[in-house]
Amino acid sequence: MAGRINQDEKEFLDIIRGKLRKDLLKFIQKGQITIVGPGHGIAIPLETIQIPRIHFAPIPPDAEIKEGENGNSEDIGSDIGVGKGPGKPGTDLGPVEPDEDDENGEGKEGGERQAGLGRGPEIVEIEIPSEEFYELFKEVLELPNIKPKGERQIKTESWKYTDIRSAGPESLRHKKRTYKQALKRTISEGQYNPDEPVIIPISQDKRYRVPELVTKPKNNAVVFNMMDVSGSMSRDDRELVRYFCALCEFWLSCNYDGVEIVWIIHDGEADRVTREAFLSTQRGGGTVISTAHKKMLEIMEEEYPPEQWNVYPFYFSDGFNFGNFDGIDDNEICAHLIGDRIIPFVNQYSYCEVSAHRYWWPSNGKGERDPSQKFHPAGSFGLMLLEKFEGELLVVCTNLQEMEKVPNTIKDVFKQGR
């Protein structure tokens with residue numbers, strides 16, 4: 001029975017994998033991928049398998065009907081069958097046709113436009129191992145493996161037992177090797193009795209494990225997620241950012257031994273916060289983008305030295321920047337920070353302009369979308385980056401506008417394998 005169950009489980013998982021491979025892009029575009037956690041897998045919603053049932057088709061108006069022996073109607077058509085007798089409770093009678101006289105088209109007993117009262121198809125979440133989903137994710141989005149920058153590796157030291165010796169402390173005695181050595185000695189001395197085996201190790205039989213200090217390189221990455229939480233950023237904007245950050249964290253965690261996330265929010269001032277606060281905080285202040293970048297540099301210099309960490313700054317905003325200090329535009333301050341103090345020390349700097357459901361944005365000034373413009377003129381931060389860092393491979397500028405475009409944004413950010 002156990003073997004049959006295992007076989008059925010394997011066949012079921014093969015079906016799931018085939019469906020996942022076929023529809024993965026659709027799941028990502030609909031925001032249906034749930035990252036359970038590093039090393040715990042991915043959850044994907046799938047409809048449960050429904051047992052097929054036979055339904056009789058409705059009788060066409062022109063079908064010839066005659067009375068049966070017991071007064072029941074019998075259809076003499078070629079493909080229409082009608083059951084005899086009163087039926088049993090629970091018999092599925094098929095969909096109810098709407099009443100033609102109903103002005104709303106809903107029907108007396110409920111039609112196409114009436115809210116359903118029954119149970120809909122059950123949705124279950126299937127968990128896929130992280131390693132397996134990583135390969136599918138990489139294949140569907142056509143992403144290259146990430147290459148850590150330079151020698152940014154943390155050297156980790158650990159003790160590993162690599163040898164066996166005849167001397168050592170009792171705490172490191174290898175019992176199996178000791179018994180084996182005692183057995184060999186007993187047989188060679190002719191004292192072994194297979195009917196009543198007695199094996200007593202002596203001092204010369206004892207064997208001990210020998211530890212060795214092993215140094216291994218360990219690639220670690222730190223992600224700085226920075227977001228504008230001023231009044232112009234909507235709830236839909238933050239939902240797009242949440243989903244995008246989860247996919248980015250998954251992708252990086254599969255390419256590095258360890259990934260740490262730093263969450264920074266700002267309006268006129270910047271603060272380091274938790275993940276929950278990052279995704280839920282809304283403020284009504286102005287927008288000064290340089291404050292978030294200064295906070296990031298402060299944390300990086302204190303906690304994440306670039307010579308030991310692969311650094312990934314992400315900035316999410318609608319692009320508005322109203323800061324002005326002593327006549328110096330805040331965009332100029334940001335350009336200096338990014339060009340002189342961030343780019344030389346990071347793997348890549350990524351800017352995502354978020355404009356959920358604002359399909360007119362960017363526009364040509366007449367309320368019409370201008371496909372030639374990637375960033376809205378009012379959201380001048382993106383335009384500044386394009387102008388100041390044209391040709392700079394370490395600066396990536398892209399858009400987050402709707403769930404369906406999230407895969408394209410992921411490709412924009414990681415297509416260089418940095």
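Quick notes on this structure:
- Meets criteria (at pLDDT 90 or above, of a type in the set (Ser, Thr, Tyr) and under 30 Å from Glu135 (Cα atoms)) for Tyr304: yes
- Scan of the range 266-306 for residues that are touching an Asp or Glu at 6+ places or on another chain (Cβ under 8 Å) and among the polar types (S, T, N, Q), ordered by number: Thr287, Ser290, Thr291
- Any hit, the range 354-373, residues being touching a Phe, Trp or Tyr at 6+ places or on another chain (Cβ under 8 Å), modelled with pLDDT under 60 and closer than 15 Å to Phe320 by Cα: yes
- Residues of the range 272-287 that are under 20 Å from the mean Cα position of the chain (by Cα), of a type in the set (Ser, Thr, Tyr) and closer than 16 Å to Ser317 by Cβ: none at all.
- Taking strands (runs of 3 or more DSSP E) as the structural unit, those lying wholly within the range 185-275 and holding at least 1 residues that are over 25 Å from Asp412 (Cβ atoms) and of a type in the set (Lys, Arg) correspond to 208-218, 270-273.
- For the range 186-216, filtering for residues that are closer than 20 Å to Gly168 by Cβ and touching a helix residue (DSSP H, G or I) at 6+ places or on another chain (Cβ under 6 Å) leaves 6.
- When the range 386-404 is limited to residues that are among the charged types (D, E, K, R) and free of Cβ contacts under 8 Å to residues at least 24 places away in the same chain, the one that is surrounded by the fewest Cβ atoms within 10 Å (Cβ to Cβ) turns out to be Glu390.
- Any hit, the range 301-314, residues being of a type in the set (Ser, Thr, Tyr), in contact with a Ser or Thr (Cβ under 9 Å, 6 or more places away or on another chain) and not in a loop (DSSP other than H, G, I, E, B): yes
- Complete set of residues in the range 319-345 that are at pLDDT 85 or above and either buried (at least 23 other Cβ atoms within 10 Å of the Cβ) or touching an Asp or Glu at 6+ places or on another chain (Cβ under 8 Å) (or both): Cys334, Ile338, Ile343
The values are calculated or read from the model by the stated rules, or taken from the named source; none is laboratory data. Not measured: the values here are computed from a predicted model. Reconstructed Cβ throughout: ideal geometry from the backbone, glycine too, with neighbour counts over all protein chains shown.
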